[in-house]
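Shown next, in structure tokens, is the structure this report addresses.
The values are calculated or read from the model by the stated rules, or taken from the named source; none is laboratory data. Only a predicted model underlies this, so the values are computations on that prediction, with no experimental measurement involved. Reconstructed Cβ throughout: ideal geometry from the backbone, glycine too, with neighbour counts over all protein chains shown.
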Amino acid sequence: MDETTTILTLGEDYPDIRRAVGRICEDFQGAYWREMDAASAYPLAFVEALTKSGWLAALIPEAYGGAGLPLRAAAVILETIHASGGSAAACHAQMYTMGTVLRHGSEAQKQKYLPAIASGELRLQAFGVTEPASGTDTANLRTRAVRDGNHYIVNGQKVWTSRALYSDLMLLLARTTPREEVTKPTDGLSVFLIDLRELKDNGVEIRPIDTMINHNTTEVFFSDAKIPAASLVGEEGKGFRYILDGMNAERTLIASESIGDARFFLERASSYACERKIFGGPIGRNQGIQFPLARAHAETEAAELMARKAAALFDDGQPCGPEANMAKLLCAEAAWHAGEACMQTFGGFAFAREYDIERKWREARLYLTAPISTNLVLAYIGQHVLGLPKSY
Amino acid sequence: MKVLVPVKRVIDANIKVRVKSDQSGVELNNVKMAMNPFCEIAVEEAIRLKEAGAAEEIVLVTAGIRQSQETLRSGLAMGADRGILIETDEALEPLAVAKLLKAVVEREEPGLVLLGKQAIDGDNNQTGQMLAGLLNWSIGSFVSKLETGDGSISVVREVDGGLEKVRLKSPAIVTVDLRLNEPRYASLPNIMKAKKKPIDMFTPEDLGVGVAPRVTVLKVVEPPARDAGVKVSSAAELVEKLRQEAKVI
């Protein structure tokens, strides 16, 4: 093996993490998640249990109060939560949003924020990128941040900003140089780490959006919001590059949540298909039930390999854009197919909320759309991996 | 004071136990295992004693196959200081475990041995009592409250019909019940620290204890399936059924 070879581990890695996180999830079973879902409530008790035990600080280096674990370990944490029937969506961003500050922030910013993020004292789990008029066309975003002495004045609107009401800090991508004045459309964007506690009702308004799943997503309005110039992360105008490398981590982690979802569906469906007897035997002996489950299992196993590959490359410091994107695509589809097979296996009972199947099925559907839609992943692979003409 | 906490690896409480097809026992292959919940309560209590300054060191001990190390690591991640594994592939009976523990107690000389009142696999509820008998130590079983004093340990026992307060002369054995405490979650920093905590390995032979089974299991079977219930339309009908069909009144 040469020095560019990356090692991929197979099997049940991080068993101690799986055990300990699984133990927490045992105390937050279906009834808890159903209650949160019905009330569109933030699962505070669950998030606090994870925070108190240090799980959300897994990726923060030890020097800043975290555990300094590899991305793969964080993936195992999230997979375990999703496989248990719960959802990490309310807090997963606390794990990785800080990555942009860690990699591109000043030492002063890191000292100021990372230890408090590690302890959970400060929540940084909102990322203002998407806008109503630009969607995934990030370079076309319109939110402006204009320098004014020791401050920037921000005006504009973000949408689908998850957890903004449950976050103390927010990472914000805004245009600092008008598009007409830059050569590349992705230039002139800057990243800010802003303190929502000071800005709420003081230039920033956050409105929740009622959605099909309990995701605590919002739209965020900026009107002459005044933020200190010291909130700028890295250099002005280079923000687009800064957020890109965080996206590979995000996609790899989301992929692992999908793997957890798929495992949940397959486990529930398999045991139900063995127990449910009708027409004189267990329904699982019917190939119409059995084969979709078997196929979804095969798909899940294959997708998981890609997720592990993406994490291994990321942890080795190798480029992993294609793998992170493919992992997110394949894992989200595997989870969706497992969810569909599970819905069909449970028949009418799949629709009864107490079985948790319909809730997980709704939640699993999100990852075909967010944080990046399947089409955009395909466009990336087409253009950047296969060298096809740019489609988007 | 040193506290010794024996812990057991059992099938996870959330797993549906299945009988092996040859009826020789229950299926353990590819089954999720965990620390016996009552042992978890014992570990938690030991940690609370240490946090309160009443204990200096917490030593975990388990006997069984090599994978039982995972159970020790779980307890070390909660906050225990070191572990002892007595490695054997033999299916251990309570008396064998009590004899092994006696040998460990004689080496470690703890002031208190905290055990779960029973393990959720065999539900034997024997090891703590047998250990007390072998050592000729005082024992408080089914304990839901524990306080350490000077040379003694006061406990509240959950007995039939109420609570019993007992003062035990140290050193003592205490077996813990469900309501003693709620075990903490192992935190990520403590899991990292637990990796570096020592686990000493012994075999039953090292301790001079024979563990050959003395009981023969003839057959393990599933409990009989319950018949479906019936709905009655009136209290009179219920009384009638209790009298005529169930013959209980």
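Of the residues B:79, B:149, only one is small (Gly, Ala, Ser) and at pLDDT below 95; which?
B:149
When both residues are 6+ apart or on different chains and their Cβ atoms are under 9 Å apart, which pairs have a first residue that lies in the range A:4-17 and is away from chain B (no Cβ under 13 Å), and a second that is of a type outside the set (Asp, Glu) and in a loop (DSSP other than H, G, I, E, B)?
From residues that are away from chain B (no Cβ under 13 Å), the pairs are A:4/A:318; A:6/A:318; A:7/A:1.
Filter the range A:59-73 down to residues that are of a type in the set (A, V, I, L, M) and more than 18 Å from the chain's Cα centre (by Cα) and give me whichever is farthest from the other protein chains (Cβ to nearest Cβ).
Within the range A:59-73, the subset of a type in the set (A, V, I, L, M) is A:59-60, A:63, A:67, A:69, A:71, A:73.
With more than 18 Å from the chain's Cα centre (by Cα) added as a condition, the list becomes A:63, A:67.
On the way: A:63: 14, A:67: 5 Å.
Once the filter is applied, the top-ranked residue is A:63.
Restricting to the range A:256-292, give me the number of residues that are closer than 19 Å to residue A:333 by Cβ, in contact with a Leu (Cβ under 8 Å, 6 or more places away or on another chain) and surrounded by fewer than 21 Cβ atoms within 10 Å (Cβ to Cβ).
Counting residues in the range A:256-292 that are closer than 19 Å to residue A:333 by Cβ, in contact with a Leu (Cβ under 8 Å, 6 or more places away or on another chain) and surrounded by fewer than 21 Cβ atoms within 10 Å (Cβ to Cβ) gives 0.
Tell me which helices (runs of 4 or more DSSP H) are completely within the range B:11-108 and hold 2 or more residues being over 24 Å from residue B:213 (Cα atoms) and within 19 Å of the chain's Cα centre (by Cα), or say none if there are none.
B:37-51, B:68-78
Kindly list the number of the only condition in (1) over 12 Å from residue B:183 (Cα atoms); (2) in contact with a Gly (Cβ under 7 Å, 6 or more places away or on another chain); (3) within 14 Å of another protein chain (Cβ to nearest Cβ) that fails for residue B:60.
The failed condition is (3).
Here are some residues: B:57, B:51. Which one is out of contact with any Asp or Glu (no Cβ under 8 Å at 6 or more places or on another chain), under 28 Å from residue B:193 (Cβ atoms) and of a type in the set (Asp, Glu)? Show your work before the answer.
On the way: B:57 fails: out of contact with any Asp or Glu (no Cβ under 8 Å at 6 or more places or on another chain).
Going through B:57, B:51 in turn, the sole match is B:51.
If residue A:106 satisfies all but one of (1) more than 17 Å from residue A:242 (Cα to Cα); (2) of a type outside the set (Lys, Arg); (3) out of contact with any strand residue (DSSP E or B) (no Cβ under 7 Å at 6 or more places or on another chain), what's the number of the condition it fails?
So residue A:106 meets the others, but not (1).
So, in the range B:180-219, of the ones that are of a type in the set (Asp, Glu) and over 26 Å from residue B:141 (Cα atoms), which residue ends up surrounded by the most Cβ atoms within 10 Å (Cβ to Cβ)? Write out each step before concluding.
Of the range B:180-219, the ones of a type in the set (Asp, Glu) are B:182, B:200, B:205-206.
Now restrict to residues that are over 26 Å from residue B:141 (Cα atoms): B:200, B:205-206.
Details: B:200: 13, B:205: 10, B:206: 11.
Here the answer is B:200.
Scan the range A:28-58 for residues that are more than 11 Å from chain B (Cβ to nearest Cβ), surrounded by 15 or more Cβ atoms within 10 Å (Cβ to Cβ) and either closer than 28 Å to residue A:8 by Cα or among the small types (Gly, Ala, Ser) (or both) and jot them down.
Of everything in the range A:28-58, just one residue is more than 11 Å from chain B (Cβ to nearest Cβ), surrounded by 15 or more Cβ atoms within 10 Å (Cβ to Cβ) and either closer than 28 Å to residue A:8 by Cα or among the small types (Gly, Ala, Ser) (or both), namely A:30.
In the list B:212, B:225, B:186, which residue meets the criterion of being of a type in the set (Gly, Ala, Ser), over 30 Å from residue A:16 (Cβ atoms) and within 14 Å of chain A (Cβ to nearest Cβ)?
B:225
Restricted to the range A:303-357, and to residues that are of a type in the set (S, T, N, Q) and buried (at least 22 other Cβ atoms within 10 Å of the Cβ), which residue is nearest to residue A:369 (Cα to Cα)?
A:325
What is the one condition in (1) in the same structural domain as residue A:130 (by TED's automatic domain parsing); (2) buried (at least 21 other Cβ atoms within 10 Å of the Cβ) that residue A:221 does not satisfy?
Among (1) in the same structural domain as residue A:130 (by TED's automatic domain parsing); (2) buried (at least 21 other Cβ atoms within 10 Å of the Cβ), residue A:221 violates only (2).
How many of the residues making up the range B:6-61 are hydroxyl-bearing (Ser, Thr, Tyr) and touching a residue at least 12 places away in the same chain (Cβ under 8 Å)?
Of the residues in that region, 1 qualify.
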